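*Asks:* Take a look at the following structure, please.
The values are calculated or read from the model by the stated rules, or taken from the named source; none is laboratory data. Keep in mind that this is a model prediction, so the values were computed, not measured. Cβ coordinates were reconstructed from backbone atoms using ideal geometry, including for glycine residues, and neighbour counts include every protein chain displayed.
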Amino acid sequence: MGTNEITLLARTSTEEPFKVTFRKDEDRLFITCTCPEGAHGEFCEHKFRLASNDLMMLQHPGQNSEMLNAHIWVIDSPISDKLIHLLQLLGEDEPDGEAIENAKAEIGQAMREGTVSGT
């Protein structure tokens, strides 16, 4: 299959956007970000929101089709289930802070180490 890569520009509070890269290598998906947290392989809002197909995080509307392609990769990976779980935790009437932090750590690890697609 080979390696495929999509880099999206994420909105920031500064002029300079962060780069969020989705890399599909064989059957693994890796997601990285150039922000301080993402650069260390941790969970970050940029990776989370772009992987969740949040168009408001996209710096340039001209990247909509690239974002859709990246999101298809996410849907075909176990990261999708982890993102849905976190969104459910965040939507609870009384969010469990510890469970949210654990879910974020699990997502950060999955994005850093890559997850096997199609499982």
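Residue by residue, here is whether (1) surrounded by 19 or more Cβ atoms within 10 Å (Cβ to Cβ); (2) among the small types (Gly, Ala, Ser) holds:
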residue	(1), (2)
Thr14	no, no
Gln59	no, no
Leu68	no, no
Ile79	yes, no
Leu87	no, no
Ala99	no, yes
Glu113	no, no
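*Asks:* Here is a further query. Does Leu83 qualify as being surrounded by 16 or more Cβ atoms within 10 Å (Cβ to Cβ) and without any contact (Cβ under 8 Å) to a residue 24 or more places away in the chain?
*Replies:* Working: surrounded by 16 or more Cβ atoms within 10 Å (Cβ to Cβ): yes; without any contact (Cβ under 8 Å) to a residue 24 or more places away in the chain: no.
Here the answer is no, as Leu83 does not meet what is asked.
*Asks:* Ok, one more. Exactly one of (1) at pLDDT below 95; (2) basic (Lys, Arg); (3) in a helix (DSSP H, G or I) is unmet by Lys47. Its number?
*Replies:* (1) is the only condition that Lys47 fails.
*Asks:* Sticking with this one: What do you reckon, is Leu9 surrounded by fewer than 14 Cβ atoms within 10 Å (Cβ to Cβ) and touching a residue at least 12 places away in the same chain (Cβ under 8 Å)?
*Replies:* Working: surrounded by fewer than 14 Cβ atoms within 10 Å (Cβ to Cβ): no; touching a residue at least 12 places away in the same chain (Cβ under 8 Å): yes.
No, not satisfied.
*Asks:* While we're looking at this one, here's another question. Identify all residues within the stretch 46-66 that are under 14 Å from Phe22 (Cα atoms) and either of a type in the set (Lys, Arg) or under 11 Å from the mean Cα position of the chain (by Cα) (or both); write none if there are none.
*Replies:* Listed by number, the residues that qualify are His46, Lys47, Phe48, Arg49, Leu50, Ala51, Ser52, Asn53.
*Asks:* Continuing with the same structure: Working only within the stretch 17-57, note down all residues that are surrounded by 14 or more Cβ atoms within 10 Å (Cβ to Cβ) and farther than 21 Å from Asn4 by Cα.
*Replies:* Matches in the stretch 17-57: Pro17, Cys35, Glu37, Glu42, Phe43, Cys44, Glu45, Asp54, Met57.
*Asks:* Kindly provide the set of residues from the stretch 12-36 that are in contact with a Lys or Arg (Cβ under 9 Å, 6 or more places away or on another chain) and over 20 Å from Pro78 (Cβ atoms), ordered by number.
*Replies:* Within the stretch 12-36, Pro17, Phe18, Thr34, Cys35 qualify.
*Asks:* Does at least one position in the stretch 74-95 carry a residue that is touching a helix residue (DSSP H, G or I) at 6+ places or on another chain (Cβ under 6 Å), polar (S, T, N, Q) and either part of a helix (DSSP H, G or I) or at negative phi (or both)?
*Replies:* yes
*Asks:* Hey, another quick one. For the stretch 50-61, give me each residue that is of a type in the set (A, V, I, L, M, F, W, C) and assigned to a helix (DSSP H, G or I). Show your work before the answer.
*Replies:* Restricting attention to the stretch 50-61, the residues satisfying the condition of being of a type in the set (A, V, I, L, M, F, W, C) are 50-51, 55-58.
Those that are of a type in the set (A, V, I, L, M, F, W, C) and assigned to a helix (DSSP H, G or I): Leu50, Ala51, Leu55, Met56, Met57.
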